[in-house]
Every structure is written in C-alpha cells, then in structure tokens.
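To keep things clear, I will list the structure first and then write my remarks on it.
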Amino acid sequence: MTGYGKAESQFRGHKWIYEIRSLNSKSMEISVRLTPALRARELDLRTLVAKRLERGKVDLAIYEEGVKNQDAGFTPVNWEAVKYYADQYKAQFACQSVPSEVLAAILRFPDVLKSQEDTSDLTDEEWLEVQKTLNKAIDAFDAFRTQEGAALEAMFTEKLDGIADLLAQVEPFEKGRVAKIKERLEQNLAQLSADTQAQIDRNRLEQEMIYYLEKLDITEEKVRLTNHIKYFRETMAGEGSGVGKKLGFIAQEMGREINTLGSKSNQSEMQIIVVKMKDILEQIKEQVLNVL
C-alpha cells in the first residue's frame, strides 16, 4: 500500500502541485494540506481519494508553487493593518513613534494576522480542473503501486518456492524416522528387568506404539502446507480488493502447519529445515502488509 504520485496544473496564475503519499494501514486514514482556495472543498477531495485508494495512511498535499509559508503553516502579516493601527495610535497621542509594547499588542490583533491569499470560491470549471489533475496524481500513484506489486509478486513466488523446496527435503529424513523411533522404544524396553517384561501386555504395548507413531506422522501437515502454498499462489494471481488480507490469513495457516511439523519432527535435521521455513514465512508476512 505504499506509494507516491504527483501531478501539476497551471491555475490562477500559479503552478499548482498535487502530491499523494501512502503508507501501510489496515483502514483508510487521510491527512490533507491544502492551499486556502481549496479548503472549502476538503470533504469532496477526501471522498475522491478514499474512493480510489481503498485503504492506507494517505497524505494529500495540494499547494501553489511560489506562495511562501503556506506549507509550513505560517500566517502572513497584514502590514497594511499594522500601519493603520500605528497611524491611529500616533494621531491619538500626538507622537512620532509607537512604543514597542504597543506595537507588540498591535501584532496580536486578529486582522493583523489575516491571510491575504486568494481564498475565493472555485468556479465550476476550476473545480473540474482540480478533480482532473488530482485524478492524474492518483493515476501516477496507482502506477507506482503496480510496479511495487510486480516486485512483491516476484518476491512471494521466490519465497514460496523456497518453502516448497525445504518441504521436499523433509522426505528423506521422514522415511527412516518412524523405524528409528520404534527401534529406540524397543531398546528401552529391552533394558527393563525380566520380571517387568513378563508383566507387559504385548498386545496393549503394540496398540500404544501404533498410536504414538501415528501421532508423529506428518503426512497431513505436508499435504495441508502444500495446499496452502498453492492457494497463496492462486490468490496472489487474482484481482479485486481484500487480496492482502486473504494472503495474510493464508500465511497464518502456513505457519500453523510448519509449527506442527517442528513439534512432530523429533529429529535435529528436520528441525533445522523447519527453522528455515519459519524464517522465509516471516519475510512473507512482513511484505503481505504491502498488499491491498
């Protein structure tokens, strides 16, 4: 959801600059900085931006090039008003100069700090021009997002391939894993005394061993993780809104299966593979936040 777009237009004798920036956010948050002539249209501008950008922490700035201090938040001094009040003071008290404390008081008068910028209402033609140029800035913004989206798709594909390759590396360790676990259990039983072994119900023991070994089977986790990877690819190739949230949910499900693989592995080589899978998945989760 990060992006940047810019457009320009010639307007009322000045060049007007339209800039849109966005950062990741779960909802739509818009902050605006407008030239005074557009402040009455703020709600309309917010509506236009929200309709096209869907969500994100958006910063919209529209300002006139060459008009100083408007972007910094300063209020220009109306020097004509200052001169008027100073002249009134000198005439009233028959003096040639204004004391500094009186001048300080004059500078606090509301109309002294009144902006002299053009704040007249826009005509219908001017408003159409503003909307047209803002849409151009949004088009540039969307082009930036599209370019970033292509890079993210390539990255996701690479990471998914990495997880799939690591999953395939589990198979060689899986084949002999159950046999080794069963052999270890048999060796532990052999260390028991003859009397203890004689008291063991072999049928019940076999049932318990089968149950234990079935609990360690990772076939279902492998199948589900493979399906999640496939679904992630399909969702990534789809269109429409809400794709980013769906990819986030799929990544969470992938994490559950990888965690279960780790808890069932009982083998250092497999646990190393699981750690590598988790590392790749975390990189995917971080970048999923950039998807709408």
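What do you reckon, is GLY262 modelled with pLDDT under 90 and out of contact with any Leu (no Cβ under 7 Å at 6 or more places or on another chain)?
Numbers: modelled with pLDDT under 90: yes; out of contact with any Leu (no Cβ under 7 Å at 6 or more places or on another chain): yes.
Considered against the rule, which asks whether it is modelled with pLDDT under 90 and out of contact with any Leu (no Cβ under 7 Å at 6 or more places or on another chain), GLY262 comes out as yes.
Please specify each residue of region 23-66 satisfying the condition of being in a loop (DSSP other than H, G, I, E, B), in contact with a Lys or Arg (Cβ under 8 Å, 6 or more places away or on another chain) and either surrounded by fewer than 17 Cβ atoms within 10 Å (Cβ to Cβ) or polar (S, T, N, Q) (or both). Before the answer, list the steps.
In the first step, residues of region 23-66 are kept if they are in a loop (DSSP other than H, G, I, E, B); the result is 24-27, 35, 54-55, 65-66.
With the extra rule that they be in contact with a Lys or Arg (Cβ under 8 Å, 6 or more places away or on another chain), the set shrinks to 24-27, 55, 65-66.
Residues satisfying the conditions are ASN24, SER25, LYS26, SER27, GLU65, GLY66.
Every residue in region 78-112 that is part of a loop (DSSP other than H, G, I, E, B), modelled with pLDDT under 85 and surrounded by fewer than 10 Cβ atoms within 10 Å (Cβ to Cβ), please.
Of all residues in region 78-112, those part of a loop (DSSP other than H, G, I, E, B) come to 78, 94-99, 107-109.
If we keep only those that are modelled with pLDDT under 85 as well, we get 78, 107-109.
Passing the criteria: only ARG108.
Would you please list the contacts, defined by Cβ atoms under 8 Å and residues six or more apart or on different chains, that run from a residue in region 268-292 that is within 30 Å of ASP142 (Cβ to Cβ) to a residue that is β-branched (Val, Ile, Thr) and outside any helix (DSSP H, G or I)?
That search, which allows pairs on different chains as well, returns ASN290/THR2.
Conditions tested, residue by residue: (1) part of a helix (DSSP H, G or I); (2) under 28 Å from the mean Cα position of the chain (by Cα); (3) surrounded by 15 or more Cβ atoms within 10 Å (Cβ to Cβ).
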| site | (1), (2), (3) |
| --- | --- |
| GLU221 | yes, no, yes |
| MET236 | yes, yes, yes |
| GLY244 | yes, yes, yes |
| LEU247 | yes, yes, yes |
| GLN252 | yes, yes, no |
| SER263 | yes, no, no |
| VAL274 | yes, yes, yes |
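For (1) free of Cβ contacts under 8 Å to residues at least 40 places away in the same chain; (2) among the polar types (S, T, N, Q), each residue gets a yes or a no:
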residue: ARG224; (1), (2): yes, no
residue: HIS228; (1), (2): yes, no
residue: GLU239; (1), (2): yes, no
residue: GLY244; (1), (2): no, no
residue: LEU247; (1), (2): no, no
residue: GLN252; (1), (2): yes, yes
residue: GLU257; (1), (2): yes, no
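The values are calculated or read from the model by the stated rules, or taken from the named source; none is laboratory data. Just so you know, these numbers come straight off a predicted model, no measurement behind them. Every residue, glycine among them, receives a Cβ derived from its backbone with ideal geometry; neighbour counts consider all protein chains shown.
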